[in-house]
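The values are calculated or read from the model by the stated rules, or taken from the named source; none is laboratory data. Note that the coordinates shown come from a computational prediction; the quantities given were computed from them, not determined experimentally. Cβ placement follows ideal geometry from the backbone for every residue including glycine, while neighbour counts extend to all protein chains displayed.
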Amino acid sequence: MRAGREMQQITTPAWMDLYGMQNRYTQKYGTTKMSYGINGMLQQPDSGKIYLVNGSRLNLIGRRELNLDIETSPEGPYAMNEVDGYTGFLWYNNICAVSVQNIRIDNPDVQMVVEALEKVELAG
């Protein structure tokens, strides 16, 4: 794609099927403006569990990146079930879908901070 050129229609591969993705991403998560270093935080509303995700990837989902004349606001994040401490998160609108995976930082100080923050509702 280039500015000023007509967008070419592409065929979406089966693995990118949004409706199939919606069936796998079933848990709704809260977002927060808080971050830890360069990482953003996502918090599950029911348990308070916090996942760290790459902050630069979260910035791709910001409203200022959208053309609201043709795009709807993103829905999400929705999460997959956790496997071995990892889960995927999905945002989507009428134009595209963005999926990110959480990161784990094996540092006792980071784990202590995250565990303390899980006792506080961060969404908002």
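The table below lists the values:
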quantity	calculated
Residue check for Met7: surrounded by fewer than 17 Cβ atoms within 10 Å (Cβ to Cβ), modelled with pLDDT of 65 or more and over 14 Å from the mean Cα position of the chain (by Cα)	yes
Residue satisfying all of: in the range 53-73; touching a residue at least 24 places away in the same chain (Cβ under 8 Å) and more than 10 Å from the chain's Cα centre (by Cα); nearest to Glu121 (Cα to Cα) among these	Leu66
Residues that are out of contact with any Asp or Glu (no Cβ under 7 Å at 6 or more places or on another chain), hydrophobic (A, V, I, L, M, F, W, C) and closer than 30 Å to Asn67 by Cβ, drawn from the range 93-124	Cys96, Ala97, Val98, Val100, Ile103, Leu122, Ala123
Scope the range 80-112; condition closer than 22 Å to Asn59 by Cα and of a type outside the set (A, V, I, L, M, F, W, C); matching residues	Tyr86, Thr87, Gly88, Tyr92, Asn93, Asn94, Ser99, Gln101, Asn102, Arg104
